[in-house]
Amino acid sequence: MKADSDNAAVALGILIPLMLLIMLVVFVVLIRQRQCPAGCLSKNMSVRHADRLSMADSIIPSSMDETNRNIMIAATSSLLIAAAFKSTEEKKETEKKEEILGQAIFSGKVRILQSFDHLTYTAGKLQDCYSQMREKHGMYEALTKEMEASDDELFFQTYRMSKEQMDFIASCVSSLIEKNDTVMRPAIVAKCRLAMTLRFLASGDSMFSFPIAFRVSRAALSGIIMETCQALWTVLQPLYMKPPTEEDLKLVSREFNDLWQFPNCIGAVDGKHCRIHKPPNSGSDYHNFHDFESIVLMAVVDARYRFLYIDVGAKGKENDSTVFRRFSFGKALEVNRLPVPGDKELPNTSCPLPHIFIGDEAFPLKTNFLKPFSRYGDLTTDKKIFNYRLSRARRVVENTFGIIASRFRVLKSTMMGKLETIDHIVKAVCVLHNFLMVTNAQNGNSYFTPVLVDREANGQIIPGSWRRQSIPVLPSGNISGNFSGRDALKIREAFKDYFCGVGRVP
C-alpha cells in the first residue's frame, strides 16, 4: 500500500507539470493564431490526425510510464484538434462576414452608380432643353441678331460697341473660345460666348439673371466668362496695350502739352478700388479705408484717356505708394528701365528738364515723378498754381476710371468669384476700353463723348457726366510718408517757376 501511494505521488508530480506544459503549448498556439494572417494558422493546424499525434508525441517526454504517456498524447492531440476546429470556425465566420460586407458595398455602389446615371441623364436632358430653348429664345439667337439687322443704337447700349467692332473682336478670339459639337448636343458658338461676356461686363448684372436671358446653365456661363476674358486680354493686349516705346512716350508728351499745357509729361498715375466679395479666410487684407472689400487697379494713362500700363490684384488695404512700389511699372521706373525720353527744354525756355510722370500726394516725389505740394503746408500762390496745373493734367486718369466704370458697369458691382477670375475681368475691361477708344477716334462711334469727362468752359471746370452717377469712382488715396531727394525738389521748383512764368496759361 505504501508503494502504491508513492507511485501515485510520483505520477501526480509528473502529471501536473505535463498539464501545465500542455496548457502552455495551447496558449502559444492561440497567440500564434491571433498574430498570423487570416487563414495562415488554420492552414497549419488543419493537418491530418496522424500529424497531430506525431506532434503530441514529440511534446510528451519519453521517460514517462507508457500508460500515462499514451493518455497525455491523446489529451494533447484532442486539444490540438479543438484549436484547429476553432480556427476553422473563426475563418468561416470571418469569410461569411466579408461576403456580407462585400454584398453591401456592391449594393451601395450599384445604388450610387444608378443615382449618378440618373443625375447624368437629368443634366443631359437639361442641357438638351437649354440648347433647344437657346436656338429659339436665347438673347443672342433672337434679340441680338434682330438688333444687328435693325437697331444699331440699342445694339451699342447692350454691348457698348458697334456690330462691326464685335465682329472684329469675334474674329480675333474665336480660335481661343470656339468649341466643337458633340454627339450629345451642339456647342455654343464663339460669337454667342463673346456676346454673353460683353453683356456681363457692360451691365454689371448678377450671374443669376444671365442663364435665363441666354438660356445656358450657370456653371457653363461662369466658365465662358472666365475663358473669354482671358482670350480678350491675350489677343487685344499686344495690339491695343502693348508697352510703349520711346517714340510712343514722346508722342504722349506732345499730347499732354497740347491738350493740358503740361510739357514733358508722359503719363498720369493713380489707383482705383474695385469692389469684391470678401475672399474666404482673408481677414482684413482686402478691407480698404472706404470701408468695403476691394482689389486695386493701378494704372498709367496718356493724355487721351488710354491705358499705357496697368496692374491688377493688389489688396485693398494697401495704399497707393505701397502698390506703386510693387507695380512692375514702379519697379522699372525706380531702376530707370523704362524707355523714358531724355531731358528736353520746356517751351520758350533754354532749361532742359526730364520727362516725368505725375500723380497725387500718395505717391513719392522723384526726379522722374512729380506730385503736388502738400495741402497741409503753408501754400503760397505759386505752389497753388503748380498744384492746379498738375491736378488739371492728372484728372485724365480719374476720368479714364470714370469712363470704364460708366461703360462697363461690372466695375460698379460687387464682383464675386475667385480672385484670379476677377483679375481677368478687370484686365479685359481695360483692354476693351483701349480698343474702343482707338476705334472711336477712327469711326466716330459714341463710346467716348466730351460730356462724359471733365472739361473747362470760361475758366470753370465742368464735371464729367460719370461723376454725377449714383456710385462714384473712388480713387485709392491713403497718404504715406514719402521722403524726397534734393534733385526731385529742384525739378518740381523748376516746373513751378515755369507755370508761374513763361508757361502761364490765361
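The values are calculated or read from the model by the stated rules, or taken from the named source; none is laboratory data. Since the model is a prediction, treat every value here as computed from it, not as a measurement. Note that we place each Cβ from the backbone using ideal geometry, even for glycine, and neighbour counts take in every protein chain shown. Remember, those area values only see protein heavy atoms, side chains included, never the ligands or the DNA or RNA. Shrake-Rupley method; radii C 1.70, N 1.55, O 1.52, S 1.80 Å.
Observations on the model:
- Any chance Leu201 is under 26 Å from the mean Cα position of the chain (by Cα) and closer than 30 Å to Asn336 by Cβ: no
- Members of the stretch 168-204 that are farther than 15 Å from Gly223 by Cβ and open to solvent by 70 Å² or more (accessible area, probe 1.4 Å): Phe168, Ser171, Ser175, Asn180, Asp181, Thr182, Val183, Met184, Val189
- Enumeration of residues in the stretch 339-349 that are within 14 Å of Cys265 (Cα to Cα) and either assigned to a helix (DSSP H, G or I) or not acidic (Asp, Glu) (or both): Pro339, Val340, Pro341, Gly342, Lys344, Leu346, Pro347
- Pairs, first among the basic types (Lys, Arg) in the stretch 302-315, second open to solvent by less than 20 Å² (accessible area, probe 1.4 Å), C-beta under 6 Å, six or more apart: Arg306/Asn434; Arg306/Met437
- In the stretch 324-353, the residue that is surrounded by the most Cβ atoms within 10 Å (Cβ to Cβ) out of those that are touching a Leu at 6+ places or on another chain (Cβ under 7 Å) and without any contact (Cβ under 8 Å) to a residue 24 or more places away in the chain is Ala332.
- Restricting attention to the stretch 288-323, the residues being open to solvent by 10 Å² or more (accessible area, probe 1.4 Å) and more than 18 Å from Val396 (Cα to Cα) number 13.
- Inter-residue pairs, beta-carbon under 6 Å, first closer than 21 Å to Phe448 by Cβ and without any contact (Cβ under 8 Å) to a residue 40 or more places away in the chain and in the stretch 144-161, second aliphatic (A, V, I, L, M) and open to solvent by less than 100 Å² (accessible area, probe 1.4 Å), 6+ apart: Leu154/Met147; Phe155/Met147
- Condition met for Gly402 (out of contact with any strand residue (DSSP E or B) (no Cβ under 8 Å at 6 or more places or on another chain) and crowded, with 22+ Cβ neighbours inside 10 Å): yes
For (1) over 18 Å from Trp260 (Cβ atoms); (2) touching a residue at least 60 places away in the same chain (Cβ under 8 Å), each residue gets a yes or a no:
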position	(1), (2)
His355	no, yes
Asp360	no, yes
Thr380	yes, no
Leu390	no, yes
Glu398	no, yes
Gly402	no, yes
Arg407	yes, yes
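- Filtered by the rule that a residue be free of Cβ contacts under 8 Å to residues at least 60 places away in the same chain and acidic (Asp, Glu), the stretch 162-187 gives Asp167, Glu178, Asp181.
- Against the conditions (1) of a type outside the set (D, E, K, R); (2) open to solvent by less than 10 Å² (accessible area, probe 1.4 Å); (3) under 25 Å from the mean Cα position of the chain (by Cα), Gly267 satisfies every one except (3).
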